[in-house]
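Participant: Sharing a structure with you now.
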Amino acid sequence: MMEHAWHNYKLYAWGKNELRPLSQRPHSGSIFGSYDLGATIVDGLDTLYIMGLQKEYKEGRDWIERRFSLDNISAELSVFETNIRFVGGMLTLYAFTGDPMYKEKAQHVADKLLPAFQTPTGIPYALVNTKTGMAKNYGWASGGSSILSEFGTLHLEFAYLSDITGNPLYRERVQTIRQVLKEIEKPKGLYPNFLNPKTGKWGQQHMSLGALGDSYYEYLLKAWLQSGQTDEEAREMFDDAMLAIIDKMVRVSPNGLTYVSDLKFDRLEHKMDHLACFSGGLFALGAATRQNHHTDKYMEVGKGITNTCHESYIRTPTQLGPEAFRFSEAAEARALRSQEKYYILRPETFESYFVLWRLTHDQKYRDWGWQAVQALEKHCRTPHGYCGLRNVYQQEPQKDDVQQSFFLAETLKYLYLLFSDDSVLPLDEWVFNTEAHPLPIKGANIYYRKAAVTLPASNAS
Ligand code: DMJ
C-alpha cells in the first residue's frame, strides 16, 4: 500500500504537496498554502524508512536536501500543521539517521514559525507569513482566539529541537505556553478550545477531545513520557484534565458504548469526531505508564472508546468510519448529517488499535486492523493512489480525489506497526507526535542525540 501511494505521488505530484489520484495531478492549496513544499515527501519519509523501503527513502532524502526550503517564498503557513508534519518529520529522521541535514531543516522550519509567538501572552497565532513574519489568527475563531489543539501541540517538537541544537529558545517558547495554561482558571477543570493570545482570556466555552482540542491533551501525557517521566507538571496537568473529561464528557450509551461528547456552554453534544478516536490509545497509554487509583478507569475508558470507534466503522457498508458520529434515541455510533459522513483516510482509530495491541496483545485489535486494511483496499484504492470517500454509508461511495499526506505519515505507519513485532519502535523508547512521527524518549533511547554543548538560556520572555 505504501509503495502504491508513494510511486503514484512520485509519478504525478513529485515535489508538490499531495496527490490527486483520480485526476492524476498534484493537489495544491489546502493547509499547505500554494507553494510546493513536498508535504507528502517530508510527512511520509520516516514511514518508508521504518518499512525498509531504502530506494524510495533515498529519493525523498535527496529531494529534501536539494529542494526543501522556506527561504524566498511568501507562504502563509499554519504554525500547527507545519510543526507537526515538517518539524516533526525532520526530527524523527534526524533521530533515526543522525544526518545533520535533517536537524538543520527542522531548525530552519521552526525559526520561520517563531514570529507567531510575539504576542502579549506568548500564546502563538495560528498563521505566519514566512517572508514578512506577519502573524494572525483565523477569522472564524471565536473573538480573535488561538486554538487549543494548535498552540498546545508544539511542546514535543520544540523541546526536542532545543535538546539536539543546544539552543534553549524553542523549549522556552513552549514552556511559556505551558505556564499560561497551568495558571489560568479552568471552568470545571476543563479547557475551552479558544484562548485569546492578547488578553489571555478564554473564548467560547466549547470543550472537545475531537477537533480544536484533541492533541493538546495528547501532548501533556507525551511531554511527560518524552522527558523520561521527569516532567511531573505535564503528567499532573494530564491527569487533572482527563479526570475532568471522564467526569463531565465521557458517557455510556444505552447499549453500552463508551464515548466522549463535546461540551458547549454546559450542554453535552452527544457526538464524537473521528479525530477523538485517538483518545482510546491515549487513555490506555496513560494507564500503562503509571500505576495509581486512576489506572483501571483509564484502561476501561481507553478500551471502551476504541471499541466504539470500531463500531462506528462496522456499522457502515464500507466498513470505514464517518468523520463524526452521534448517540441519540434513534442511533448509536452513526453519522446523522450529510456533512459528517465522509472518510478522508484518517488514522485515529488505527492509532488506538496499535496502542491497545501493544499494551494488551488482545488479538481483536489486529483483527480490526485487518478488516480496515481490506476496506481501504476495496473502497479507497484506485489505480493511481488512495482517495477518501464522500459517504461511507453508500455501497459504492464517490471518491474525493485527495491522497492526504497523513495517509502515508500516520494511517499506513500505524497499520504497519500493528502487525510488527513489539521490538519495532518499542513504546518505552519512542513517543509518537500527533502526526505519528516517533521521537526518542530521553534517558531510554540511544537515538536521542542530545547536543554536546548547550547555549546559555536566551533572554527572551
Ligand atoms: C493529522 O494531521 C494529525 O493526526 C492531527 O493531530 C489531526 N488530524 C490529522 C489526521 O486526521
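Participant: Quick check: pseudo-label points 7 Å beyond the Cα along Cα→Cβ at Q204 and S328, how many nm apart are they?
Facilitator: Each label point is offset 7 Å from its Cα along the Cβ direction, giving 2.0 nm.
Participant: Also, I was wondering about something else. Report the equivalent ellipsoid semi-axes for segment 415-457 in whole Å, largest first, defined as the square roots of five times the eigenvalues of the gyration tensor built from alpha carbon atoms.
Facilitator: Semi-axis lengths for segment 415-457 are 27, 12, 7 Å.
Participant: Net charge around D43, counting only other residues with Cβ within less than 12 Å of its Cβ (Lys, Arg = +1; Asp, Glu = -1)?
Facilitator: -3
Participant: Continuing with the same structure: Give me the mean projected area, in nm² to one decimal, of the convex hull enclosing the Cα positions of the chain.
Facilitator: 20.2 nm²
Participant: For Cα pairs less than 8 Å apart in space and 6+ apart in sequence, what is the mean separation divided by the residue count of segment 274-318, i.e. the relative contact order in percent?
Facilitator: Result for segment 274-318 is 42 percent.
Participant: While we're on this one: What are the GluC sites (Glu not before Pro) within segment 108-208 that DSSP puts in a loop, where the Cβ has at most 14 other Cβ atoms within 10 Å?
Facilitator: E185
Participant: Run lengths n ≥ 4 of DSSP H only: what is the helix-derived mean residue ellipticity at 222 nm for the chain, with -39500 (n - 2.57) per run over all residues, to the nearest 500?
Facilitator: For the chain, the value works out to -12500 deg cm²/dmol.
Participant: Mind computing the radius of gyration and Dmax over the alpha-carbon atoms of segment 310-461? Å is fine for both.
Facilitator: For segment 310-461, the Cα radius of gyration and maximum Cα-Cα distance read 19.0, 62 Å.
Participant: Using label points projected 7 Å from each Cα along Cα→Cβ, tell me how many nm separate S253 and S34, to one decimal.
Facilitator: 4.4 nm
Participant: Nearest 20 debye, what's the magnitude of the dipole of segment 1-58 about its Cα centre given +1 on Lys and Arg Cβ and -1 on Asp and Glu Cβ?
Facilitator: For this selection, approximately 200 debye.
Participant: A further question follows. Determine Rg/Rh for segment 153-273; Rg is computed over alpha-carbon atoms and Rh is the Kirkwood hydrodynamic estimate from the same atoms.
Facilitator: 1.01
Participant: Now for a separate question. Quick one: compute a quarter of the convex hull surface over the Cα atoms of segment 18-163 and quote it in nm².
Facilitator: 9.9 nm²
Participant: Averaging over every viewing direction, what projected area does the convex hull of the Cα atoms of segment 209-308 cover, in nm²?
Facilitator: For the Cα atoms of segment 209-308, the hull's average projected area reads 6.2 nm².
Participant: Rg(Cα) of segment 266-360 divided by 2.2 N^0.38 Å?
Facilitator: Cα Rg divided by the expected 2.2 N^0.38 Å: 1.12.
Participant: Is there a quick way to get the dipole size of segment 354-451? I mean about its Cα centre, with the Cβ of Lys and Arg at +1 and of Asp and Glu at -1; what is the value in debye to the nearest 20?
Facilitator: Rounded to the nearest 20 debye, it is 180 debye.
Participant: If you filter segment 118-184 for chymotrypsin sites (Phe, Trp or Tyr not before Pro), then keep DSSP loop positions with at most 12 other Cβ within 10 Å, what is left?
Facilitator: Passing both the DSSP loop test and the Cβ count: W140.
Participant: Expressed as cubic angstrom per residue, what is the convex hull volume of the alpha carbon set of segment 378-453?
Facilitator: Taking the convex hull of the Cα positions in segment 378-453, it is 143 Å³ per residue.
Participant: Could you tell me which of L427, W357, Q54 has its Cα farthest along the dipole of the chain towards the positive end, charges placed at Cβ (Lys, Arg +1; Asp, Glu -1), taken about the Cα centre?
Facilitator: My answer, from the dipole projection, is Q54.
Participant: What list of whole percents do you get for P(r) of segment 110-156, with Cα-Cα distances grouped in 10 Å bins up to the one holding the largest distance?
Facilitator: Answer for segment 110-156: a P(r) of 28, 58, 14 percent.
Participant: Rounded to the nearest 0.05, what FRET efficiency do A452 and D62 give with R0 = 30 Å and r taken as the Cβ-Cβ distance? Could you check?
Facilitator: 0.60
Participant: Quick one: check the C-alpha center-to-center distance for segment 355-430 versus segment 130-194, whole angstrom.
Facilitator: 30 Å
Participant: At 0.36 nm per residue, and after removing the present C-alpha to C-alpha distance, how many nm does the segment from D422 to Q374 gain when stretched out fully?
Facilitator: 15.0 nm
Participant: Relative contact order for segment 267-415 using alpha-carbon pairs under 8 Å, separation at least 6, rounded to a whole percent?
Facilitator: Dividing the mean separation by the residue count of segment 267-415 yields 25 percent.
Participant: Sticking with this one: Compute the whole-percent fraction of alpha carbon pairs in segment 93-172 spaced more than 17 Å apart.
Facilitator: Roughly 50 percent, rounded to a whole number.
Participant: OK, next. Cα centroids of segment 38-105 and segment 431-461: how far apart, whole angstrom?
Facilitator: 17 Å
Participant: Dipole of the chain, Cα-centred, from +1 at each Lys and Arg C-beta and -1 at each Asp and Glu C-beta, to the nearest 20 debye?
Facilitator: The calculation lands at about 700 debye.
Just so you know, all these numbers are worked out from the coordinates, no wet-lab data involved. Values in this document were obtained by computation on a predicted structure and should not be read as measured data. Cβ: placed from backbone, ideal geometry, glycine included. Neighbour counts: every protein chain shown.
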